[in-house]
Amino acid sequence: MHPLAVELNRTLEGTVAGDLLSDLGRRLYFPKGIVAQSAEAKKYAKRMNATIGIAYRGGRPMYLGSIRSLLDKLEPEEIFPYAPTQGLEPLRELWKQELLKKNPDLAGASFSMPLVVPGLTAGIATLADLFAGPGVPVVLPDLHWDNYPLVFDTRREARLVTYPFYAAGGGFNVAGMAGALRDAGREGRVVLLLNFPNNPTGYSPTKAEAEAIVAAVRDTARSGARILALTDDAYFGLFYEPDTFTQSLFARFCGLDERVLAAKVDGSTKEDLTWGFRTGFVTLGAKGLGEAHYEALTRKLMGAVRSSVSNSSMLAQSVVLRAVRSPSYEREKREAYEALRERYARVKAILAGRKSDVLEPLPFNSGYFMSFRLAKGKAEDLRRELLMQDGVGTIAIDERVLRVAFSSVDVADLEALFDLVYAAADRVAARA
Ligand SMILES: Cc1ncc(COP(=O)(O)O)c(C=O)c1O
């Protein structure tokens with residue numbers, strides 16, 4: 001093992017993070033190579049800096065005018081050079097402040113400086129590198145984003161353990177989650193993967209359900225298991241009902257127990273409507289961890305980033321940084337939120353007026369999506385029927401569940417959309 005990895009492992013020894021590291025996680029380190037040496041040179045090489053593979057002229061990055069002319073509000077330094085592996089420091093700092101604003105329960109909690117990754121997917125994959133490996137149980141609901149199996153199972157050979165998303169009464173199945181976590185936790189270590197607002201259901205826990213989730217995690221931790229509590233907060237902020245828990249569960253997991261390592265993956269992707277920018281963040285927190293531990297973990301995360309994608313887009317980070325600093329940022333985000341909330345309210349009203357023996361709308365209160373469960377016929381048949389007969393695109397999640405992204409349909413078209421869905425479902429059911 002590389003001596004730098006040995007050193008980081010020594011720093012993390014005896015902590016939940018050290019206990020949870022995968023074999024790859026233990027091997028990871030951030031080399032004192034080109035990137036580290038050139039970061040040092042940036043500070044001290046006052047005469048000439050001949051370190052990094054970037055072309056400079058007269059102390060400024062060289063560039064093509066055809067690219068520069070498209071981006072004339074930004075300085076060349078904000079566009080062309082590499083960004084640091086960990087991301088732009090002012091953006092990391094600002095995102096940390098934003099986390100505190102959005103999650104009042106984080107006040108006083110111990111957590112790391114967010115590390116920039118090229119989108120949430122990269123954040124999840126990086127955490128999987130560090131903490132998931134062959135056979136490690138990953139507890140997640142049956143209705144989940146289809147990329148999780150690819151990241152955790154296909155890439156990392158972890159073992160997915162699912163439970164039904166909904167309780168019999170219709171809310172989040174906290175008891176199912178708690179049971180799966182408790183059972184998997186008997187193996188000593190477990191990854192708990194939570195995603196609210198959820199893809200594909202569009203459901204987020206109520207305040208009471210959130211408390212029950214936190215209690216279940218605490219109970220399993222107290223039974224001796226080490227837990228990586230990973231919250232995928234891709235759709236954070238899109239909460240539409242008053243009784244919904246509107247913070248990230250990360251805020252509650254951070255200070256919960258010495259055996260719980262909280263990991264938050266979030267980003268500009270959906271929060272700032274910058275889907276193609278590839279700007280996400282990974283933040284870690286646990287009771288009992290201090291600066292030296294967070295620094296060691298950041299080094300390991302940086303090793304995972306450096307060895308896969310190297311760094312995230314400078315241009316995208318610069319634009320996001322300017323946007324978050326802009327005086328109109330909050331107002332513009334509010335406008336986007338209101339547009340989605342209007343669609344949500346419209347969908348709720350449309351569904352309230354329908355009766356069907358075939359389609360059951362599953363409970364939803366947040367985010368981009370809602371899903372139907374089919375009592376008759378297959379979701380894939382319904383998807384194809386809608387696509388081929390009506391020119392309407394939807395997603396078949398499994399045999400029986402069809403996802404509709406109301407986020408991507410104008411409010412004026414929603415009534416027609418659901419007319420088509422219900423009519424197609426009847427045709428599919430009649431043939432089943
Ligand atoms: C639950 C969830 N997590 C993560 C992502 C991906 O985010 P990013 O595009 O930033 O990788 C998505 C996108 O669809 C998602 O639905």
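Descriptive notes on the structure:
- Here Asn49 clears all of (1) in a helix (DSSP H, G or I); (2) not assigned by TED's automatic domain parsing to the domain that holds Val305 except the condition numbered (1).
- Ala216 being open to solvent by less than 20 Å² (accessible area, probe 1.4 Å), away from the ligand (no atom under 12 Å from the Cβ) and either out of contact with any Leu (no Cβ under 9 Å at 6 or more places or on another chain) or more than 29 Å from Gly87 (Cα to Cα) (or both): yes
- The set of residues from the range 265-317 being under 19 Å from Ile227 (Cα atoms) and in contact with a Gly (Cβ under 7 Å, 6 or more places away or on another chain) comprises Val265, Val282, Lys287, Lys300.
- Residue satisfying all of: in the range 258-293; surrounded by fewer than 20 Cβ atoms within 10 Å (Cβ to Cβ) and away from the ligand (no atom under 14 Å from the Cβ); farthest from Glu338 (Cα to Cα) among these: Ala292
- Residue check for Tyr29: aromatic (Phe, Trp, Tyr), part of a loop (DSSP other than H, G, I, E, B) and under 32 Å from the mean Cα position of the chain (by Cα): yes
- Criterion applied to Ser408, Ser371, Ser356, Ser366 was being within 16 Å of the ligand (Cβ to nearest atom) and out of contact with any Leu (no Cβ under 7 Å at 6 or more places or on another chain), and the one residue passing it is Ser408.
- Qualifying residues in the range 133-150 (those that are within 16 Å of the ligand (Cβ to nearest atom) and assigned to a loop (DSSP other than H, G, I, E, B)) - the one least open to solvent (accessible area, probe 1.4 Å): Leu143
- Only one of the listed residues (Glu75, Glu98) is in the same structural domain as Leu284 (by TED's automatic domain parsing) and either more than 30 Å from Asp233 (Cβ to Cβ) or in contact (Cβ under 8 Å) with a residue 60 or more places away in the chain (or both). That residue is Glu98.
- You will find that of Val16, Val6, the residue that is β-branched (Val, Ile, Thr), under 30 Å from the mean Cα position of the chain (by Cα), closer than 30 Å to Ala158 by Cα and open to solvent by less than 30 Å² (accessible area, probe 1.4 Å) is Val16 and no other.
- Of all the numbered requirements in (1) open to solvent by less than 100 Å² (accessible area, probe 1.4 Å); (2) within 25 Å of the chain's Cα centre (by Cα), Asp23 misses one, and that requirement is (1).
- Qualifying residue in the range 224-241 (condition: surrounded by fewer than 18 Cβ atoms within 10 Å (Cβ to Cβ) and within 29 Å of Arg325 (Cα to Cα)): yes
- Counting only residues that are closer than 27 Å to Ser326 by Cα and touching a Phe, Trp or Tyr at 6+ places or on another chain (Cβ under 8 Å), the range 32-66 holds 2 of them.
- Among the residues listed as Arg186, Arg155, the single one being within 16 Å of the ligand (Cβ to nearest atom) and farther than 21 Å from Phe239 by Cβ: Arg155
- With respect to being surrounded by fewer than 17 Cβ atoms within 10 Å (Cβ to Cβ) and either outside the structural domain of Arg373 (by TED's automatic domain parsing) or hydroxyl-bearing (Ser, Thr, Tyr) (or both), Ala168 fits the description.
- Which listed residue, of Thr220, Thr206, Thr231, Thr162, is polar (S, T, N, Q), more than 16 Å from the chain's Cα centre (by Cα) and closer than 19 Å to Asp146 by Cα: Thr162
- Selection from the range 52-73 of residues that are of a type outside the set (Lys, Arg) and either part of a strand (DSSP E or B) or in contact with a Gly (Cβ under 8 Å, 6 or more places away or on another chain) (or both): Tyr56, Pro61
- Some residue of the range 109-124 being away from the ligand (no atom under 16 Å from the Cβ), closer than 24 Å to Asn198 by Cβ, modelled with pLDDT of 95 or more and in the same structural domain as Leu256 (by TED's automatic domain parsing): yes
- Residues being free of Cβ contacts under 8 Å to residues at least 12 places away in the same chain and of a type in the set (Phe, Trp, Tyr) - total across the range 1-59: 2
- Scanning the range 186-213 for residues that are out of contact with any Phe, Trp or Tyr (no Cβ under 7 Å at 6 or more places or on another chain) and open to solvent by 10 Å² or more (accessible area, probe 1.4 Å) yields Arg186, Glu187, Gly188, Arg189, Phe196, Ala208, Glu211, Ala212.
The values are calculated or read from the model by the stated rules, or taken from the named source; none is laboratory data. Every value quoted in this text rests on a predicted model; they were computed, and no experiment measured them. Positions of Cβ are generated from backbone atoms using ideal geometry, with glycine treated the same way; all protein chains shown enter the neighbour counts. Ligands, DNA and RNA are excluded from the accessible area calculation, which covers all protein heavy atoms including side chains. Shrake-Rupley method; radii C 1.70, N 1.55, O 1.52, S 1.80 Å.
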